[in-house]
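First up is the structure itself, then whatever we jot down about it.
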Amino acid sequence: MFILLWTTSTVSAQSVEWSEKDLARNVHRAEESFEAGEMSRSYGLFAHLVSIAGDRAFLHFRFGSICTYTSKHLEEAEEHLMWAEDLGILGTEHAAEWHYYLGRVHHLRYEFNEAAEHYRLAIDTGKSKQAWMNDAKLFYGQCITERPEKIDAINLSIRSTLSSHSDDFFRLIEMSIHDGRILNTPEALRSKHDLRMGYVSTMHWLPSHRFAFYASYGQKGNTGLDIYRVSVDGMGEYGTPERLPFPINSDFDDCAPICISSDDNTETAGQLYFSSSRPESFGGYDIFQSNGWFFEPAIGLSDNLKATHLPYGINSTSDEWLYYTSLKNESRWLATNRKQDFEGKEIWEFDGNLESVVPIAIRLELPEASPSGRLIVKKEGSDAELITLESDHEAAIDFMVENGVNLTLSWKDKNGVSQWTEALSIPEATNSKIAMEPLAVGITDAGTFGILTRPSTYIEEPSLSWSENAMGMNQRSGTWLEPVDAEMAYQMRRQNSEPADIQRILLAEESEITGETTTGVKAIPNWVLNALEEIESINADNRPLTASIMRSKALILQNNMEVIQCWDAPGSIDWKLQVAIKRYGEPALGLLSEETRMLEETSERNVRQWKQWLNKVNTHIAGKVNISQDWLMLSDYLRAQAKANESALAQIQDMYRRIEAHLVYDRWVTEALPMSMPEFREHLLQITAQNQDVLNSVQLAATCGPDEPDSSNQRWIKVQELLWRALSESIVEVQELGVFDLPNMKDAQSWFIRSGGLLEDAEKSGSPQEQLVRGQAAVGLAWETFHKGASKRDRVERETHMTDSEWWSNFGATRHNTKDDYGDFDVFSSNNAPIVQQAELYLEELDVIRTKTPKTDGYKASMSHAIALRSSLENQLQTLFGGSTSRETPRSTPSQVQVRKVSEKVAKSTFEIANAAQSLSTTIKNIDAPAPPKTKPETISKNSELEDFQYTIQIGAFSSWPKDDLKWYASSTKIKSDNGIIRCFIGTFDGPSEANDFLNVIQVDIPDAFISKVPRDISISSPAKQSTQPTNLSEVDHTDSSSGNFQQFRLKICTVTAAMNSADKARLMRLGNEIPLVSRHVGNATAYYSKTYTNFADAEEALKTCKRRGFSDASLQILN
């Protein structure tokens, strides 16, 4: 119900007469919007009503009360509430509510005492069932709560601000996947009271810990919002919710939990951040923190008495929810409504390095002789006036301002015309300080307006601290500033006069010419030396250095540390791993360490000598009745120098410890990773920038000091494991392009197999040092594998950005006897040789790649083809023109070379790699392979299972038929497999020896032909004698392999073109425990093969094992 205090029967709305009935109807509609919580809509409606009926107290009251729902309209709120008071609102039933909303205005401005008075009146005079009554009691309790005398404050360095009017505003927070996910609480966990009230809490789910945290009114609904923990099993089923203990839950609403784990270290407590409306809050909901072990069966807390209220800056008199900070994320995140209109919320992303705001007390003076006008103080770049001094009224003011701020002072005459402007920089500080000299502004000796004196001596004053006044000023102007009681400031300066005098003494230098003093880097004054010579002979070459000189030297070192960025401890929040990687191997850090150590020794000698001089002076004046002021001043000076040098020594020692921490990190990283390779360091920069797990593990390992060898070992071993996995994933990505199936990549494959074995050996080793060494080798081999494969991919990617002319100019040769430049190339290319035709095919493939979308299947297929072509070109060029790599060059035509699938051409090389890595594979699989029996191929029993097979020669495999056929292909049998590959077989033979004789004939034309064993039910044609073999086979130069010395065999187990079911996977794994297996990808199919055997009997026995295990399609192949 509301009352309109009207004075006329009609009102005018934009020249249109409204009746009282029309006005009442529109007010009723606007009030309904207000009661429904639609503040944005009701703001517009009441703003319109106020404009047409400005004499109605209720309209001003309601419009003012709406404005309190956002801090952006507090000026409007106060103006219209005061207007409503003038029009008589306090004589209506809305009087108590008016006090409540005026209390909100004061509360949001941090004027807690004024707010408490109005809240109290609202509570005492209002009705208990009014909608705002519970909020009034809550806010009243927050305003009267005694707060710590010293209010901590921080400045937030905002990186981004995102606005949202959605209930899913939390999705704007970019949470690291390792810290879990923020979701809406599922209905299964919402109580009947949650459903009745329409409350949906955010839920923080941590899959790695199998727990989720959320808020609920509970089953009884009598304790307000509380925070719960619930377990989540592997099937997504929820356990029984568990209400968290005090002080996390209180008698007030507690919600929006985010729980951060302690990196799987059970000895370190995790952090739970949550929002609460308890009395300690500045206003509404504030962020609190509780530390404990939240993932244990029984929750344990570090502090069972209270939760930590986060400082101002993070918290305010508005609402804050969902505070997220983690070592896994450089930024911090906060949801708040302090700068949004009405229902809106903001998600702030700000720098993880929080800067404390320190108060600096200054006295600002205007001399009595100042002309009429006013002095205005602003923050540089801001229009908000912080201080205004009228020359006719105020002579001075004491105030505190934040450290490191730049102020602008300006003078305006009585007509408001600006006469003078000057800047003043407040020094940086880590502790509160007071300026001993005033900032005096007036008419200078030159007759112009300016600064007469400025502060130069700042003394630490622990009693200085911020109050609510500074918080309100910061909200209004963006600057921390508040007045200081003049008498209190005077007493502070009086109490600090002696240390200030000593500080001035340390900065003073006697001028023998003018007798004036200056400040800066100073030597020992002559008056000090003269006085000391009266009681001791002083060696001019062995004088101590003054504190100002030592500090200047220390400052130079500090600047050097900042230049090479080694000031922040390794692993700390501000430490930059990327910089440490780039700096690795440079001598600057070691040189700086030695320089700091030498300065530390000098500083220690200084302290001893200043103390010796002080003792001599004190001994000299001890017992004397009449002591001159000069000797007392000398004693003060020496004492000040001794103390100041001790402070400088502590600073230098701290810098030395910082540098040593970086050297310790360098030693560890050298032992753990192959940092000696510049290319590896460059790739490590990329990995740490993209892989948060690796980055976090390195940062954690870097925190270990020289006194923690065991912990350091384990952490660096973890780094090796994660880095190896990251490299493995990168190798898989490269292999998707078929790079490691190329003929010259067998070494890279064996490196990778070896690296996996080394990593397993490292895990089993009992020696931490051996673990580290093996892990380093494993990472190095894995990286070498990746680097060799990626270089081929990257070369093709680079060449896609070249024009044809650029490519040809880079493809030619300019120097002889090098690996990549080929002599006589011009002579060769001028004859349009086949290799030039292959180059043209490669350029055509580059054109195709340029038309594809990266990362699509079509792009990958074209890249795979192009990489194979480019690698083939490289190999042939090196072979033809004196390169260091050689291979058999097929005698087939260029078109055949291009069409034939590269993966088929290198099948032989692939399995030679498997054979070379046989012993390592056996180690990895923990297989004890028996010694091969001494059985010759000729002794095979005719009654064995192999009688169902026949020998043949496979002469090629193609994705499409070649344009120019050799004689062998014309008479071959073509068999097309499921993946579209056409395989060509020729001839059938009873034994491997006969097949080998014919193989030697075919290899004259087709070097990569090989013997295969296929079922007898496959009909394979035999070639005509005149076209398949010489007239006299004895003329063919071949090796008799009857002894078995040069033959190699392998088994083809099966080919998989779709996902395997669990049973088939298990069978294949069991077979792998008996026969070492290797796999090979052809198109979208995966073929599984055995290791390479040199003894036929062993291969036959392995084939029997395959059939016993259910692999009936397994076949035996002869490789040579």
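A few remarks follow.
- Residue in the range 648-670 that is aliphatic (A, V, I, L, M) and closer than 25 Å to residue 788 by Cα present: yes
Matching residues to (1) out of contact with any Phe, Trp or Tyr (no Cβ under 7 Å at 6 or more places or on another chain); (2) closer than 30 Å to residue 391 by Cβ; (3) assigned to a strand (DSSP E or B); (4) of a type outside the set (Phe, Trp, Tyr):
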{"residue": "321", "(1), (2), (3), (4)": "no, no, yes, no"}
{"residue": "325", "(1), (2), (3), (4)": "yes, no, yes, yes"}
{"residue": "330", "(1), (2), (3), (4)": "yes, no, yes, yes"}
{"residue": "333", "(1), (2), (3), (4)": "no, no, yes, no"}
{"residue": "338", "(1), (2), (3), (4)": "yes, no, no, yes"}
{"residue": "342", "(1), (2), (3), (4)": "no, no, no, no"}
{"residue": "353", "(1), (2), (3), (4)": "yes, no, no, yes"}
{"residue": "361", "(1), (2), (3), (4)": "yes, yes, yes, yes"}
{"residue": "369", "(1), (2), (3), (4)": "yes, yes, no, yes"}
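- Test: residue in the range 769-776 that is farther than 24 Å from residue 875 by Cβ, part of a helix (DSSP H, G or I) and more than 29 Å from the chain's Cα centre (by Cα): yes
- Residue 229 vs. criteria among the charged types (D, E, K, R), touching a residue at least 40 places away in the same chain (Cβ under 8 Å) and more than 23 Å from residue 143 (Cβ to Cβ): yes
- Which listed residue, of 1037, 1008, 1064, is within 29 Å of residue 1086 (Cβ to Cβ) and modelled with pLDDT under 65: 1008
- Qualifying residues in the range 610-629 (those that are among the hydrophobic types (A, V, I, L, M, F, W, C) and exposed (fewer than 14 other Cβ atoms within 10 Å of the Cβ)) - the one nearest to residue 649 (Cα to Cα): 622
- Among the criteria (1) buried (at least 18 other Cβ atoms within 10 Å of the Cβ); (2) touching a Phe, Trp or Tyr at 6+ places or on another chain (Cβ under 8 Å); (3) in a helix (DSSP H, G or I), the one residue 597 does not fulfil is (1).
- Per the conditions (1) farther than 24 Å from residue 846 by Cβ; (2) surrounded by fewer than 16 Cβ atoms within 10 Å (Cβ to Cβ); (3) hydroxyl-bearing (Ser, Thr, Tyr), the sole criterion not satisfied by residue 803 is (1).
- Wholly enclosed helices (runs of 4 or more DSSP H) of the range 1-102 bearing at least 2 residues closer than 23 Å to residue 127 by Cα and at pLDDT 90 or above: 20-35, 57-67, 74-86
So that you can scan it fast, the table gives a plain yes or no per residue for (1) under 19 Å from the mean Cα position of the chain (by Cα); (2) outside the structural domain of residue 561 (by TED's automatic domain parsing):
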residue: 633; (1), (2): no, no
residue: 665; (1), (2): no, no
residue: 697; (1), (2): yes, yes
residue: 703; (1), (2): yes, yes
residue: 717; (1), (2): no, yes
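- For the range 169-187, a residue qualifies if it is of a type in the set (Lys, Arg) and over 13 Å from residue 259 (Cβ atoms), and exactly one does: 171.
- Taken over the range 141-178, the residue count meeting the criterion of being within 23 Å of residue 295 (Cα to Cα) and either modelled with pLDDT under 90 or in the same structural domain as residue 37 (by TED's automatic domain parsing) (or both) is 3.
- Just one residue in the set 653, 686 is in contact with an Asp or Glu (Cβ under 9 Å, 6 or more places away or on another chain) and part of a helix (DSSP H, G or I); that residue is 653.
- Filtered by the rule that a residue be surrounded by fewer than 17 Cβ atoms within 10 Å (Cβ to Cβ) and either in a loop (DSSP other than H, G, I, E, B) or acidic (Asp, Glu) (or both), the range 442-466 gives 444, 445, 446, 447, 448, 454, 456, 460, 462, 463.
- The lone exception for residue 649 - which of (1) of a type outside the set (Lys, Arg); (2) surrounded by 13 or more Cβ atoms within 10 Å (Cβ to Cβ); (3) at pLDDT 90 or above; (4) closer than 30 Å to residue 675 by Cβ it fails: (4)
- Odd one out for residue 425, checked against (1) under 19 Å from residue 493 (Cβ atoms); (2) out of contact with any Ser or Thr (no Cβ under 8 Å at 6 or more places or on another chain): (1)
- Within the range 396-434, the set of residues being of a type in the set (A, V, I, L, M) and surrounded by fewer than 13 Cβ atoms within 10 Å (Cβ to Cβ) comprises 417, 423.
- Where strands (runs of 3 or more DSSP E) sit wholly within the range 130-238, those with at least 3 residues that are among the hydroxyl-bearing types (Ser, Thr, Tyr) occupy 158-164.
- Residue 848 assigned to a helix (DSSP H, G or I), at pLDDT 55 or above and outside the structural domain of residue 718 (by TED's automatic domain parsing): yes
- Among residues of the range 248-265, those that are outside any strand (DSSP E or B), under 30 Å from residue 700 (Cα atoms) and in contact (Cβ under 8 Å) with a residue 12 or more places away in the chain, counted: 3
- Test for residue 818: is it within 30 Å of residue 686 (Cβ to Cβ), assigned to a loop (DSSP other than H, G, I, E, B), modelled with pLDDT under 85 and more than 43 Å from the chain's Cα centre (by Cα): yes
- Only one of the numbered conditions (1) buried (at least 16 other Cβ atoms within 10 Å of the Cβ); (2) at negative phi; (3) not assigned by TED's automatic domain parsing to the domain that holds residue 74 is not met by residue 138, and that is (3).
- Close pairs (9 angstrom Cβ cut-off, 6 or more residues apart or separate chains): outside the structural domain of residue 1015 (by TED's automatic domain parsing) and touching a residue at least 12 places away in the same chain (Cβ under 8 Å) in the range 1094-1113, buried (at least 16 other Cβ atoms within 10 Å of the Cβ) and not acidic (Asp, Glu) anywhere: none
- Residues in the range 213-229 that are small (Gly, Ala, Ser) and modelled with pLDDT under 95 were compared, and the one that is farthest from residue 293 (Cα to Cα) is 221.
- Sole exception among (1) over 15 Å from residue 658 (Cβ atoms); (2) loosely packed, with under 15 Cβ neighbours inside 10 Å for residue 607, by number: (2)
The values are calculated or read from the model by the stated rules, or taken from the named source; none is laboratory data. Quick caveat: nothing in here was measured; it's all calculated off a predicted structure. Note that each Cβ is placed from the backbone with ideal geometry, even for glycine, and that neighbours are counted across all protein chains shown.
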